């Protein structure tokens, strides 16, 4: 059973004017296309097909708002790094993300979804820069940890932690084996309990 029985889709936004009302607390999920963002959201919320997964990278190209409980939201940000879109679309994405991070007072934290086999890309660093600029706490999920041997996964975790320092917390995660599910959900709850407006 889902830890969030009230969880439901609210709306998609393609412009800041379409964002939901800026109140309560929300946590954003960001990640490169094909890093497993939708699958991670589904496991953490414990709802199958809550966020739609796709074999085609980059399907999430809008800002999708979901309610988890009263005054608590999850926001699925556009998958980035997708190759098959025009540069104008990529520029729109960058402007939309800048607006989102700079204006949302209810934004309490960000999950950055990173394929453990690829580690941090330039796009990931851009998202970290957005978050750091507004003092937003960030938690990195190194997804698809089941694809590596235990020693390789441990080495990758150590390297990313060393790379990020105090910028973000990091953990292993696998949507397939549900490794790290409890730790990720606890971090989501920790973020949602914060009041950044004080």
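The values are calculated or read from the model by the stated rules, or taken from the named source; none is laboratory data. As the structure is a computational prediction, the values presented were derived from the model and not from experiment. So basically every Cβ, Gly included, is an ideal-geometry build from the backbone, and we count neighbours across all protein chains shown.
In table form, for the structure just shown:
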| read-out | value |
| --- | --- |
| Residue 171 vs. criteria at pLDDT 95 or above, within 26 Å of residue 47 (Cα to Cα) and part of a loop (DSSP other than H, G, I, E, B) | no |
| Residue, farthest from residue 40 (Cα to Cα), within region 174-188, restricted to residues that are outside any loop (DSSP other than H, G, I, E, B) and out of contact with any strand residue (DSSP E or B) (no Cβ under 7 Å at 6 or more places or on another chain) | 186 |
| Residues of region 143-166 classified as in contact with a strand residue (DSSP E or B) (Cβ under 7 Å, 6 or more places away or on another chain) and outside any helix (DSSP H, G or I), total | 2 |
| Residue match in region 145-166 (condition: under 21 Å from residue 38 (Cβ atoms), surrounded by 13 or more Cβ atoms within 10 Å (Cβ to Cβ), in contact (Cβ under 8 Å) with a residue 12 or more places away in the chain and under 17 Å from the mean Cα position of the chain (by Cα)) | yes |
| Within region 125-136, considering residues that are crowded, with 19+ Cβ neighbours inside 10 Å and either free of Cβ contacts under 8 Å to residues at least 12 places away in the same chain or in contact with a strand residue (DSSP E or B) (Cβ under 6 Å, 6 or more places away or on another chain) (or both), the one nearest to residue 41 (Cα to Cα) | 127 |
